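One structure is given below, encoded as structure tokens.
The values are calculated or read from the model by the stated rules, or taken from the named source; none is laboratory data. Only a predicted model underlies this, so the values are computations on that prediction, with no experimental measurement involved. A quick note on method: Cβ atoms are made from the backbone with ideal geometry, for glycine too, and the neighbour counts reach across all protein chains shown.
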Amino acid sequence: MILDDVLRTPAAIRDAERHTAHNYHPLPVVIATAEGSWVTDIDGRRYLDFLAGYSALNFGHRNPVLTAAAHAQLDRVTLTSRAFVHDQFAEFCSRLAALCGKDQVLPMNTGAEAVETAIKISRKWGYRVKGVPADQATIVVAAGNFHGRTTTIISFSDDPDAHDDFGPYTPGFRIVPYGDLAAMAEAIDETTVAVLIEPIQGEQGVVVPPDGYLPGVRALCTDQNVLFVADEIQSGLGRTGDTFACDHESVVPDVYILGKALGGGIVPVSAIAANSDVLGVIKPGQHGSTFGGNPLACAVAIEVVKLLESGTYQARAKENGAYLLAELRTLIGNGLLAVRGRGLWAGIDVDPELMTGREACERLAERGILAKDTHGSTLRLAPPLIIDKDDIDVAVAALRAILK
């Protein structure tokens, strides 16, 4: 048994907190190494990662194919800026466009940047193509959304932590209840340029919409000449058992917003994908990023797309995700109030009379499982897509133990 006075973790956490803004409240774990579905802290304790960087690590920690691509590119060129073209750019764009079934992509870095890009493109399309009067464009969004934390994005968040005290807020957004087609139809008018939604709401607790909702959104957008913009940053790239969460109902949005897993857990990579009649509205000088589409990012993302082209990871998420959800549902009435999810993505509601979500995560960490709480007593579970059933059993056993 390691005594507290010889552990390195407490001092490391104190040192980290001394020189950082407290915009996060991390669990008391200091990770030093990782491989596959497991991480090891600075004191040598191993943990099963059931968060996977909010889906950024879909292919596991230090996936050998992805790390090899990064190492090879590091020896060649890492950054040119978009002032020039580099030799990884065309393949990345063409492969990602093909994966999405779209003509073009616009690469950026972070998920929030990709959402901002989609908002700008939607507005410009509305003015140049749909004919919305200048500065009158509106975008319909859903309550309970999470699309990032920039000032524009938090302007249409109803989460007080993300929203309050950051005004004045950006106008032009209409919030309707998630899953309510009638409310969405009522919110759309001649000024509406886009509907921006998550096919599954992650931050809200992995909320899956009612059957028929996504096809209904698609039909509304088509009928009203409005862009359907799907934020697949967390739900996309294999997480739900298909390449995109929209695929489960055979829905094709006008714009995909992608990020997180696109960088393989190595570098931040994001993008939007759409056809040329949408992305063609943007002209040189109107949008960009110094690091967007850089050679290192493209080299890694090319291999990510190749992994997805095989369908292996999607199939694994579907099979093992069904197993995970079935095992979790055995705990309903035994400490859990509800289980939601699709693929290897689950939201579970712990009975608040037992503990908060934070307390549940702390107790799981004590048993070697890393997870993240959200909104009271709700936990999000999102292990790497490479996880096997034996490791799922380990995690569910730990959860069962803390709920007693």
*asked:* Looking at segment 45-67, can you tell me whether even one residue there is within 26 Å of Leu106 (Cα to Cα), outside any loop (DSSP other than H, G, I, E, B), without any contact (Cβ under 8 Å) to a residue 40 or more places away in the chain and aliphatic (A, V, I, L, M)?
replied: no
*Which ones in segment 118-149 are out of contact with any Pro (no Cβ under 9 Å at 6 or more places or on another chain) and under 22 Å from Val206 (Cα atoms)?*
Val140, Val141, Asn145, Phe146, His147, Gly148, Arg149
*Filter segment 85-115 for residues that are surrounded by fewer than 21 Cβ atoms within 10 Å (Cβ to Cβ) and closer than 20 Å to Pro171 by Cβ and give the result.*
Ala112
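Could you count how many residues in segment 247-261 are within 13 Å of the chain's Cα centre (by Cα) and not in a loop (DSSP other than H, G, I, E, B)?
Filtering segment 247-261 for residues within 13 Å of the chain's Cα centre (by Cα) gives 256-261.
Filter once more, keeping what is not in a loop (DSSP other than H, G, I, E, B): 256-258, 260-261.
Of the residues in segment 247-261, 5 are within 13 Å of the chain's Cα centre (by Cα) and not in a loop (DSSP other than H, G, I, E, B).
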*Of (1) under 27 Å from Pro64 (Cβ atoms); (2) in contact with a Lys or Arg (Cβ under 6 Å, 6 or more places away or on another chain); (3) assigned to a loop (DSSP other than H, G, I, E, B), Gly265 satisfies all except one. Which?*
(2)
*Identity of the residue in segment 281-299, in contact with a Phe, Trp or Tyr (Cβ under 9 Å, 6 or more places away or on another chain) and outside any loop (DSSP other than H, G, I, E, B), that ends up surrounded by the most Cβ atoms within 10 Å (Cβ to Cβ)*: Ala297
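If you go through segment 308-327, how many residues are of a type outside the set (A, V, I, L, M, F, W, C) and under 18 Å from the mean Cα position of the chain (by Cα)? If you could, list the steps in order and put the result at the bottom.
Within segment 308-327, the subset of a type outside the set (A, V, I, L, M, F, W, C) is 309-314, 316, 318-321, 323, 327.
With the extra rule that they be under 18 Å from the mean Cα position of the chain (by Cα), the set shrinks to 313-314, 318, 321.
Result for segment 308-327: 4.
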*Name every residue in segment 305-359 that is part of a loop (DSSP other than H, G, I, E, B), touching a strand residue (DSSP E or B) at 6+ places or on another chain (Cβ under 9 Å) and not hydroxyl-bearing (Ser, Thr, Tyr), in order of residue number.*
Leu331, Gly335, Leu344, Trp345, Asp351, Pro352
*Hey, can you tell me all the residues within segment 132-147 that are touching a helix residue (DSSP H, G or I) at 6+ places or on another chain (Cβ under 7 Å) and surrounded by fewer than 20 Cβ atoms within 10 Å (Cβ to Cβ)?*
Val132, Ala134
*Is segment 224-246 home to any residue that is among the charged types (D, E, K, R) and in a helix (DSSP H, G or I)?*
no
*Mind listing whichever residues of segment 132-169 are out of contact with any strand residue (DSSP E or B) (no Cβ under 7 Å at 6 or more places or on another chain) and either outside the structural domain of Val207 (by TED's automatic domain parsing) or charged (D, E, K, R) (or both)?*
Asp135, Arg149, Asp159, Asp161, Asp164, Asp165
*If the Cβ limit is 7 Å and pairs must be 6+ apart or interchain, which residue in segment 116-138 that is closer than 14 Å to Cys221 by Cβ pairs with which residue that is in a helix (DSSP H, G or I)?*
Trp125/Val278
*Examine segment 170-185 for a residue that is assigned by TED's automatic domain parsing to the domain that holds Arg123, crowded, with 16+ Cβ neighbours inside 10 Å, under 28 Å from Asp211 (Cα atoms) and more than 24 Å from the chain's Cα centre (by Cα), and state whether such a residue exists.*
yes
*Could you tell me whether Gly335 is buried (at least 21 other Cβ atoms within 10 Å of the Cβ), out of contact with any helix residue (DSSP H, G or I) (no Cβ under 7 Å at 6 or more places or on another chain), more than 20 Å from Ala56 (Cα to Cα) and not assigned by TED's automatic domain parsing to the domain that holds Phe92?*
no
*Going through segment 272-328 one residue at a time, which ones are in contact (Cβ under 8 Å) with a residue 40 or more places away in the chain and of a type in the set (Val, Ile, Thr)?*
Ile272, Val278, Val281, Ile282, Thr290, Val300, Ile302, Val304, Val305
*Please go through segment 80-92 and pick out each residue that is touching a residue at least 40 places away in the same chain (Cβ under 8 Å) and either in a helix (DSSP H, G or I) or more than 25 Å from the chain's Cα centre (by Cα) (or both).*
Thr80, Ser81, Arg82, His86, Asp87, Phe89, Glu91, Phe92
*List the number of the failed condition for Gly179; all other conditions in (1) touching a residue at least 40 places away in the same chain (Cβ under 8 Å); (2) in contact with a Phe, Trp or Tyr (Cβ under 9 Å, 6 or more places away or on another chain); (3) assigned to a loop (DSSP other than H, G, I, E, B) hold.*
(1)
_Residue selected from segment 11-37 under the condition farther than 28 Å from Thr150 by Cβ and free of Cβ contacts under 8 Å to residues at least 24 places away in the same chain, by the criterion farthest from the chain's Cα centre (by Cα)_ = Ala11
